[in-house]
Amino acid sequence: MKNIIVVCEAGITTSLLVTKLNELAQENEEEFNINSKSTEEGLDYVQEEAVDAVLLVPQIHHREDEYRKVTKGKVLKVSVSDFNNMNAFSIFEQLNEVI
């Protein structure tokens, strides 16, 4: 089971994206556990739990270095275009390329 978090400022705006990503994982028979976290909650989470990937939405791209320092998982920045269009398929493909 791959542990993945999607991080945004408050952890609320990503709920639709997380739902779509989880649906894609089921359709593709991938064993992914995908959850959303707020910025601070995410930092605490990756220090306590092993994660395979952290997806940072555009509002927090500037926090990339902080996440890279505290996790061994891959840290990916979700593009503005993919996030604004909720292009879960594109994000899912990028995620599969790195984990």
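Just so it is clear, none of the values below were taken in a lab; they were calculated from the coordinates. This structure is a prediction, so every number in the text was calculated from the model and none was measured. Positions of Cβ are backbone-derived with ideal geometry, glycine not excepted, and every protein chain shown enters the neighbour counts.
Structural remarks
- Within the set (i) 32, 28, 21; (ii) 48, 27, 25; (iii) 36, 35, 16, the number that Cα extents along the principal axes in Å takes when calculated for this structure is listed as (i).
- Beta bridge orientation in the chain: antiparallel %, DSSP, nearest 5: 0 percent
- Ranked for footprinting exposure by Cβ neighbours inside 10 Å, fewest first, 99, 12, 4 give 12, 99, 4.
- Applying the criteria of a DSSP loop state and at most 14 other Cβ atoms within 10 Å to the GluC sites (Glu not before Pro) of region 23-83 yields 29, 31, 49.
- Residue 47 versus residue 84: modelled label distance in nm, points set 7 Å from Cα along the beta carbon direction: 3.5 nm
- Over the chain: helical MRE at 222 nm, DSSP H runs n ≥ 4 each giving -39500 (n - 2.57), nearest 500: -13000 deg cm²/dmol
- 80, 70 arranged by Cβ crowding within 10 Å, fewest neighbours leading: 80, 70
- Among 84, 33, 22, residue whose mean-square fluctuation peaks in a GNM of the chain (springs only between Cα atoms under 10 Å): 84
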